[in-house]
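Here the structure is laid out as structure tokens; the discussion comes afterwards.
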Amino acid sequence: ASAKAYKDAALSKRLADRSYRPALDSDPTFVGDVERISGTTAHLCYQCGTCTGSCPSAPRSSYRIRNFMRRTNLGLKEVSLNDPDLWLCTTCYTCSDRCPRDLIPTDVIMAMRNMAAAQGILPKNMLGTVNFIYQTGHGVPNSDGNRAARVKLGLEPEPETTSKYPEYLPAIRKILEAYGTKQLADKVLAEG
Ligand code: SF4
Ligand code: SF4
């Protein structure tokens, strides 16, 4: 078929020269895997950008949830799983509340994080958090400041978690060890 003609002859020439090819690292199984793990039909994303426009991380970083949705559908697995921005989602679910396609972009990110972690791709600060969870059952352990604030609000100083029931900590440790997460944290953090 002949290339479409535009009023601007130079533009027509440039566009006619264009060659559209799939990205070299495109993996056609990626979108299916992400959908299976996340339970959301990511391929229905029509790139409106409402998610990025609602995202509290977007104005503070280079993280763009819409970009990850696009990459999912282009099969850009390697670039997605190795992008440090993958770890900048706060899991606030605002994008998921607002998506006009009723998608859950947050869970797309969580699926990619699981896939990355299964390959041992985890940023060091996340591995530091693994150690906090191993030691206390929490990514952000309770503190004297928090305890005082809770008491002021009429709450018990410890929440109904391992803070109050440390006898459940061995089970949490067992999970982290069974998936090799603790061992990975120890290995990578020891490397400095
Ligand atoms: Fe896609 Fe929904 Fe984000 Fe729009 S809000 S770009 S449809 S994920
Ligand atoms: Fe942004 Fe993540 Fe919140 Fe969605 S859940 S708005 S991607 S920080």
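The values are calculated or read from the model by the stated rules, or taken from the named source; none is laboratory data. Values in this document were obtained by computation on a predicted structure and should not be read as measured data. Cβ coordinates were reconstructed from backbone atoms using ideal geometry, including for glycine residues, and neighbour counts include every protein chain displayed. Protein only, heavy atoms only, side chains kept; ligands, DNA and RNA dropped before computing areas. Shrake-Rupley method; radii C 1.70, N 1.55, O 1.52, S 1.80 Å.
Test of understanding: given the chain, find the longest segment containing no GluC sites (Glu not before Pro) that are in a DSSP loop and have at most 11 other Cβ atoms within 10 Å. For GluC sites (Glu not before Pro) (loop position, at most 11 other Cβ atoms within 10 Å), the longest site-free span of the chain is 1-159.
If only the Cβ of Lys and Arg carry +1 and only the Cβ of Asp and Glu carry -1, the dipole of segment 124-190 around its Cα centre is close to 180 debye. Applying a 4.7 Å cutoff between beta carbons, the unpaired cysteines of the chain are C45, C48, C55, C89, C92, C99. Extending 7 Å from the Cα toward the beta-carbon at both D102 and D8 defines two label points whose distance is 4.1 nm. Under a 5 Å amide H cut-off, with hydrogens placed 1.01 Å from N, R64 pairs with nothing among residues at least 5 apart or on other chains.
Of the chain, which part is the longest with no chymotrypsin sites (Phe, Trp or Tyr not before Pro) in a loop (DSSP not H, G, I, E, B) and with at most 16 other C-beta atoms within 10 angstrom? In the chain, the maximal stretch lacking such sites is 94-178. Normalised Debye scattering of the chain at q = 0.11, 0.15, 0.16, 0.17 Å⁻¹ gives log10 I(q)/I(0) of -0.68, -1.07, -1.15, -1.20, counting only Cα atoms as equal scatterers and leaving out solvent. A simple charge model with +1 on the Cβ of Lys and Arg, -1 on the Cβ of Asp and Glu and nothing else charged puts the dipole of the chain at about 760 debye relative to its Cα centre. Pairs exceeding a 29 Å alpha-carbon distance, out of K77/K187; K7/K77; K77/K124: K7/K77. Is it possible to state the helix-based mean residue ellipticity at 222 nm for the chain, with each DSSP H run of 4+ residues giving -39500 (n - 2.57), the sum divided by total residues, to the nearest 500 deg cm²/dmol? What is it? Helix contribution divided over all residues of the chain: -14500 deg cm²/dmol. Carbon-plus-sulfur accessible fraction, segment 30-118 (probe radius 1.4 Å, protein heavy atoms only): 49%. Scanning residues 5 or more positions from T40 or on other chains, none has an amide H under 5 Å from its amide H, with H placed 1.01 Å from N in the peptide plane.
Amide H contacts of L76: D27, each under 5 Å away and 5 or more positions distant or on a separate chain (H built 1.01 Å from N in the peptide plane; Pro and chain starts excluded). Averaging the Cα positions of each part gives two centres, and for segment 69-93 and segment 176-192 these lie 23 Å apart. Between the residues L88, T40, M110, the greatest Cα displacement towards the positive end of the dipole of segment 30-118, with unit charges on the Cβ of Lys, Arg, Asp and Glu, is found for L88.
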